[in-house]
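Everything on this sheet refers to the single structure shown next.
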Amino acid sequence: MPSKPKNTAILLTAILLTSIITPVVLSENYNRTYNCNAQFGLNSHTIYVSVPQSLYEYYQTKTHIIRYENDYQNFVTPAAMATIAENIRNMTFTETYSDEEFANAVLTLVHEIPYVTSDVKYPVETIVDNQGDCDTVSLLAASILKAGGLDVVLFYYPKAAHMNIGIYLPNKPYSTWMTPPKSYEYNGTEYWMAECTPRAEWQVGDQPESLAGETPMIIPLDNCEKTAPTQVASTLDTPLTPSNITINLSSPPIPFYYEEQNLTVSGKITPAVPDANVVMYLSQNATAWDTYTTKTDQAGQYSFPWDFTKTGTYYIKTSWSGAGNYSGADSENLIVFIGFPKIQIQFQTREYSYILGNPAIAAQELSIRQGVKNFLNLNLTGAGVTLTGEFIVLKSGETLSNVREPEYRIGDQPLRLPDNLIKNDQFCLLLQRGNESNYNVNVKALDKDDVSQMQQLQGTKTAFLNASASVKENRWYKVTAKLSETEIIAELRDISGNILERMVNTNNGANIDEIGILIANNTDRAVAFKNLEVKALNEPIQPLDGNVVPTNELETVMPYINWAIVVASVFTAAVYILRRRKTVHALKS
């Protein structure tokens, strides 16, 4: 049951870049089915579980570091497992010893998860991965039991490098083994042992023989996770029915005071479920997810006012947990580029133009007016590169001049605007060819000089499409671009597929090194993408040399395979020892 730190920033970046480079479609849930028994196997039911992809990714990006044994309680997540606990409770609430029957039923569920040595995981990860070792299944069982109202602790055995759980019951449990049930006391409460690994059909009170000589360290769960963004969906004996959630982005009417400026994230759940919880996941610049919650109205519609504070790149999606027999669902991913975050009040005198701000951070305040330069920069290798996706242009800020007398706040002074202030106010998609089948894709803001240079090279080294005149605010459009040695394509279509702007060149592709598509020409715009796909065209497979004589490939490579197996085995053993640094698991199956 080892643990190791995960670089969550790298992991999230990989997830987000994957969603950019590959086709972005509606996320599919992870669905699992478990057999759950009560009354010593006489009462059998099926538990259907569905986990939204967003919830899985949320827990993947949380810290997985264990510094002290008490850190294990951070991985117990009752709120996320509430529906599973409710369904198992419905199986057992009529039983005479309902708490014991509930606990045993939970054990039958976690015993179905295949035993595989792994690092510590959150319960949602264990369900999705459908594998784990003693600590991961113990954390899952503890989460479900706590969600069902039982008092649970973790039992940790340092010498055996093992973990199981302790459960408080109002009565002494019945044991199917010859030995009496085993318990340990903690703070005046007796906790009965419950083994969660699948080696045998353990029930509450059963103690594996290999643990008989060691008293566990008891880890209370007072500080386990209290809330979760959403829950896994679960039903008893009836398969879950899929649902759907949409997402849209819009800009409200521009208010007079810039402090109130925001965008609106909205959508609808189908079927229309009123008063349902909807969570918005928000990540800026590939860091970690922030979550915000709202409820649907009577028509199943939801809305989030998004008061952004910084320029940059944002990743947004929404999710709901499901209800009744409906599973939860995730929306599409939105990639939002904010170039100008707020309304800027610009005052003018006879001598100069200025804005109000703090002199101590004048450079930072003035840099905001420059806009954000690079949003997306990908390098790909192949015979060419393509970009497709849908985008919308929204009002996200504004520059107002002489609208009213300046209102000085504490610490504010007039900050003079440089005479040569250049805004990155031309929002472009760029596909560029490098050397040796290397291509670069940029989604970025350019200044007027950059755009002017591309226009001057039009037809020689650059293919430039000015689509900004055809783009209206608050409307979705489809864009396609392809750059290869034989073909140059740039298209703008409306959401119905009608061509608005088009540029095709199949005769001069080898001479064109760059495609530029201008889609917006102000830094006070936000540009959002969905279904964005960037990919390289595969290089042709090189034919074999004509002098190569065909041979028995297996005979030829077998010595190398044998050596590779030996080297891999030694390497794996070394990594295993370094990572584990503990004795071999006593109950390894």
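The values are calculated or read from the model by the stated rules, or taken from the named source; none is laboratory data. As the structure is a computational prediction, the values presented were derived from the model and not from experiment. We place every Cβ from the backbone using ideal geometry, glycine too, and count neighbours over all the protein chains shown.
At a glance:
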quantity	calculated
Sole residue being surrounded by fewer than 14 Cβ atoms within 10 Å (Cβ to Cβ), part of a loop (DSSP other than H, G, I, E, B) and modelled with pLDDT under 95, chosen from Pro255, Pro274	Pro255
Of residues in region 84-121 being assigned to a helix (DSSP H, G or I) and of a type in the set (Asp, Glu), the one surrounded by the fewest Cβ atoms within 10 Å (Cβ to Cβ)	Glu86
Every pair of residues 6+ apart whose Cβ atoms lie under 6 Å, when the first sits in region 482-496 and is free of Cβ contacts under 8 Å to residues at least 40 places away in the same chain while the second is part of a loop (DSSP other than H, G, I, E, B)	Ile488/Ile512; Leu492/Ala467
Single residue of Ile247, Ile218 found to be touching a Gly at 6+ places or on another chain (Cβ under 8 Å), over 25 Å from Thr83 (Cα atoms), outside the structural domain of Tyr281 (by TED's automatic domain parsing) and touching a residue at least 24 places away in the same chain (Cβ under 8 Å)	Ile218
Condition check for Asp494: over 16 Å from Ala467 (Cβ atoms) and either within 30 Å of the chain's Cα centre (by Cα) or modelled with pLDDT under 90 (or both)	no
Looking only at region 298-341, and only at residues there that are among the aromatic types (Phe, Trp, Tyr) and part of a loop (DSSP other than H, G, I, E, B), the one that is modelled with the highest pLDDT	Phe308
Filtered residues of region 258-267 (kept if under 17 Å from Ile338 (Cβ atoms) and modelled with pLDDT of 85 or more)	Leu263, Thr264, Val265
Flag if Asp119 is in contact (Cβ under 8 Å) with a residue 12 or more places away in the chain, under 27 Å from Pro52 (Cα atoms) and of a type outside the set (Val, Ile, Thr)	yes
Of residues in region 122-144 being in contact (Cβ under 8 Å) with a residue 40 or more places away in the chain and not in a helix (DSSP H, G or I), the one farthest from Pro52 (Cα to Cα)	Asp133
Region 424-482 - residue that is part of a helix (DSSP H, G or I) and in contact with a Phe, Trp or Tyr (Cβ under 7 Å, 6 or more places away or on another chain) and, of those, nearest to Thr313 (Cα to Cα)	Met454
